[in-house]
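K.L.:
Mind looking over this structure? Questions follow.
The values are calculated or read from the model by the stated rules, or taken from the named source; none is laboratory data. In this text the structure is predicted, and so the values were computed from the model without any measurement. Note that each Cβ is placed from the backbone with ideal geometry, even for glycine, and that neighbours are counted across all protein chains shown. Just so you know, the surface numbers come from the protein's heavy atoms only, side chains and all, with ligands and any DNA or RNA stripped out. Shrake-Rupley method; radii C 1.70, N 1.55, O 1.52, S 1.80 Å.
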Amino acid sequence: MDDFILIHSDKEYLKECLIKIKKFLIKYKLNLNNKTMISKIISKNRRRIYKKLRKLKTKNYSQYLKVLAGYQGFFKNQKY
């Protein structure tokens, strides 16, 4: 196996894990490739919402604020 994914809500914790993994691999003369990264997982729906908000922000700012408030209320009650 040469691929793996770590999932955690705390980005700092993931950074600590990355350091420990690199140290572990050094013992075996292995290293991580340049594709190694820590990133936020965003669902297709959230990506679509962000795109919609960015577009609306430039075209109709007052409507953007209303839509944003609605989404904030919705996401505040969601479990991630």
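K.L.:
Rolling a 1.4 angstrom probe over the protein heavy atoms, how many square angstrom per residue are accessible across the chain?
P.N.:
Details: 7870 Å² over 80 residues.
About 98 Å² of surface per residue is accessible.
K.L.:
Here's a follow-up. Taking the Cα centre as origin and putting +1 on Lys and Arg beta-carbons and -1 on Asp and Glu beta-carbons, what dipole magnitude results for the chain, to the nearest 20 debye?
P.N.:
So the dipole magnitude of the chain works out to roughly 520 debye.
K.L.:
Let me ask you something else. At 222 nm, what helix-only mean residue ellipticity would the chain give, in deg cm²/dmol to the nearest 500, using -39500 (n - 2.57) for each DSSP H run of four or more?
P.N.:
Rounded to the nearest 500, the figure is -20500 deg cm²/dmol.
K.L.:
Treating the angle as unsigned and between 0 and 90°, give the value, to the nearest 10°, between the Cα long axis of helix 61-76 and the longest Cα principal axis of the chain.
P.N.:
50 degrees
K.L.:
Could you tell me how many degrees, from 0 to 90 and to the nearest 10, lie between the Cα long axis of helix 11-27 and the main elongation axis, the longest principal axis, of the Cα atoms of the chain?
P.N.:
Computed tilt is about 20 degrees.
K.L.:
Report the one residue of Ile41, Phe24, Leu56 whose Cα lies farthest in the direction of the positive end of the charge dipole of the range 10-60 (charges on C-beta: Lys and Arg +1, Asp and Glu -1; origin at the Cα centre).
P.N.:
Leu56
K.L.:
Given 10 °C and 1.306 mPa s, how large is the Stokes-Einstein diffusion coefficient of the chain in µm²/s, with Rh as the Kirkwood radius over Cα pairs? Present the calculation step by step, with values, prior to reporting the outcome.
P.N.:
Working: Rh = 16.0 Å.
Reported coefficient: 99 µm²/s.
K.L.:
Return one number: the angle in degrees, 0 to 90 and rounded to the nearest 10, between the long axis of the Cα atoms of helix 44-59 and the longest principal axis of the Cα atoms of the chain.
P.N.:
Long axis of 44-59 versus the principal axis of the chain: about 50 degrees.
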